[in-house]
Structure formats: C-alpha cells, structure tokens
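Asks: I am attaching a structure below and will ask some questions about it afterwards.
The values are calculated or read from the model by the stated rules, or taken from the named source; none is laboratory data. Small disclaimer: the values here were computed from a predicted structure and weren't measured. Note: ideal-geometry Cβ built from the backbone for every residue, glycine included; neighbour counts use all protein chains shown.
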C-alpha cells in the first residue's frame, strides 16, 4: 500500500509499481481545467487518482488491459474521495474505442510500455506492462488523434529514443508537439525521459528542463514543489 496525502494505492497484482515516471506525469500533465480525461494503461490507477485530485471538475475514464491490475485499480478508485468521477474499463484502448467510438477528451494521458523490440523481461505481466509490440505507438497515436477534443492535449512520458519515434508518428497524424519537459536525474546528466504534450493546434513549442536530485537522495526544490500536494515526505 502506497499512501499519498489524499488517497492510498494498493499495488497488488500490478506488474508496474508506482514509480517516478508515473507520479511526475500525474503531477505535471494537463493545463487549464480539463473536464474529460482518459488514462490509457492505468495500472494501479495512480495517475488517474492524481488527476482527479488536481482537476476537481474532471470526469476521468481509465483503461487497463491486464485483468488483475484493472481489478486493483478499480478498488483503489472506490476507496478514494474521487470515486464518483472515476471509471475503470478492463480493456485495451483499441477495444475501448470500438465500444465507445463517440468519446472525445480534453486530456488523454499515458505512461505507456516503451521497450520496443528489446529483450523481453520474464513473466507475462511484466512483458505486458513494459514492452511495446510492433506497431503499438502507431496505434496509440492514431487513436489519440481521432479522440482528442479540438482544444485538447495528450501527454506521454517516454525514454528519449522512444520519444523521437512518437514525435515523428504525431506529425503523420496531424498532432502538433506543444511542450517538451526533459527529465534529468542531476542537472549535468543527459535527459533520461521526456514528457511530451501534443495537440491539434500548431503553436510555439515550449521546452523546460526538470531535475530530480540536487545530490544523491536530496530532491531539488522544483521536484518537491511539483509533488508536495501528493507525497507524504514533503
């Protein structure tokens, strides 16, 4: 059980546990006040819960293909103060949109599997959570483009090489890169993740640098500020 300031997250049966990628995306993604949100690959449900805390008027759908993880996420939703605004669908995103083709969202968010064509990790659940099959991101970006509201944004967190692939796919599907947040462990380190925001409007791309540590085990003030409403250590 991982306890946040306003909710708790049971991680039973979830291959991908709560990690820095997820909490950063949940704390930073989205701007203004989206009213409709979709979390693709919800896992434990932590990102959806963080968004429900941040955006108090938002109705949030979460899709999770792994049956056990979906059950766990649904339980986490039901025990949270935001249960009435959260719905879990135990499906992949492709089947979800076959069932609900009319849905459009102000914010679509995902912390997706990202190890493309790499050595598969042991265990079916871990494979599902961490490894993207051929064509996964092509399908993801094409569906995001179809179901994003005209003024909506889609936010992803990815390793740098995968981010480059996704940027190219977005161009093909007429999604415009609007914001890049490069994530660094220490200020002089190369970026190991990029948080990307896409939308249908062609605007000037904003680029920010985000550093996690001042020194080993000492978080930067920026990191503490971003997560102070969520993590009990701040």
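Asks: Can you spot a residue in the range 199-209 that is surrounded by 12 or more Cβ atoms within 10 Å (Cβ to Cβ), out of contact with any helix residue (DSSP H, G or I) (no Cβ under 6 Å at 6 or more places or on another chain) and either at pLDDT below 95 or within 18 Å of residue 22 (Cβ to Cβ) (or both)?
Replies: No, the conditions are met nowhere in the range 199-209.
Asks: In addition: For the range 191-230, how many residues meet the condition of being out of contact with any strand residue (DSSP E or B) (no Cβ under 7 Å at 6 or more places or on another chain) and part of a strand (DSSP E or B)?
Replies: 3
Asks: Picking from 225, 215, which residue would you name as being surrounded by fewer than 12 Cβ atoms within 10 Å (Cβ to Cβ) and closer than 21 Å to residue 23 by Cβ?
Replies: Numbers: 225 fails: surrounded by fewer than 12 Cβ atoms within 10 Å (Cβ to Cβ).
Only one candidate passes the filter, namely 215.
Asks: Please count how many residues of the range 199-219 are under 27 Å from residue 154 (Cβ atoms) and free of Cβ contacts under 8 Å to residues at least 12 places away in the same chain. Lay out the reasoning, then the answer.
Replies: In the first step, residues of the range 199-219 are kept if they are under 27 Å from residue 154 (Cβ atoms); the result is 199-212.
With free of Cβ contacts under 8 Å to residues at least 12 places away in the same chain added as a condition, the list becomes 204.
Adding up the residues that qualify gives 1.
Asks: Please tell me if residue 20 is out of contact with any strand residue (DSSP E or B) (no Cβ under 8 Å at 6 or more places or on another chain), touching a residue at least 24 places away in the same chain (Cβ under 8 Å) and surrounded by fewer than 19 Cβ atoms within 10 Å (Cβ to Cβ).
Replies: yes
Asks: Under 19 Å from residue 63 (Cβ atoms), part of a helix (DSSP H, G or I) and under 19 Å from the mean Cα position of the chain (by Cα): does that describe residue 143?
Replies: yes
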